[in-house]
Amino acid sequence: MQDFFDIQTWHPLTVHFPIAFLSLSGLLSIYLLFKFQKTIAQFNLGLLFLGVITALISLYTGDIEDGKVSRTLCDPTILKDHENFAYYSVYAFSACLVLWSVKLFASYKKFKTLFISLIFILNLAGLAGLVYVGHLGASLVYEQAAGVDVPSEDCSDF
């Protein structure tokens, strides 16, 4: 049985928060580009902020888990792709956080079309990256048993 305070078990616990926050924020951002409402935009900014913070925590816990898992995989390139695309997604959503902050709290009338276009593209890239990172993570766990503790045949370990 795993100890709750064992940091290596925290990646599967922490990874679901940014998935939820960033997915909702990405979809809400796209909606707001077509029908802007300031209160919903402020709520979205909070979701985006929480998503980026929890994504950074997930990257940290994933890096810790990487050292343990990489030695047991049949195809470690999937783990590297999982990590790289997680970083790309965080970069895209971090840039969105900056652009939404400027859009809400600064004057940007001169570059309005550029801002909206960049937010749209970065949200699509971030959402696509999130889906791909999730697919790779599922592949690691369900196809290569990454981080999975396989019990003995008679389950006497429990």
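Overview of results
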| read-out | value |
| --- | --- |
| Among LEU48, THR77, ILE116 the positive-end extreme of the charge dipole of region 7-144 (Cβ point charges) | ILE116 |
| Computed E for LEU73/GLN42 - FRET, C-beta separation, R0 35 angstrom, nearest 0.05 | 0.25 |
| Quarter of Cα convex hull surface for the chain, i.e. mean projection, nm² | 10.8 |
| Other-chain or far-sequence residues with amide H under 5 Å of ALA145's (modelled H) | none |
| Mean-position separation - Cα centroids, region 18-78 and region 113-130, in angstrom | 14 |
| Unit charges on C-beta of K, R, D, E only; dipole of region 1-157, Debye | 1720 |
| MRE, 222 nm, helices only [DSSP H, n ≥ 4, -39500 (n - 2.57), over the chain, to nearest 500] | -26500 deg cm²/dmol |
| Label zone at PHE17, where the point sits 7 Å out along the Cα-to-Cβ direction: region 58-93 residues whose backbone N lies under 12 Å | 58-61 |
| Inter-label distance, nm, simple model (7 Å from Cα along the C-beta direction), PHE34/SER156 | 6.2 |
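All of the numbers you see were taken from the coordinates with simple rules; none came from a lab. All figures in this text were calculated on a predicted structure; none of them were measured in a lab. Virtual Cβ from ideal backbone geometry, glycine too; neighbours counted across all protein chains shown.
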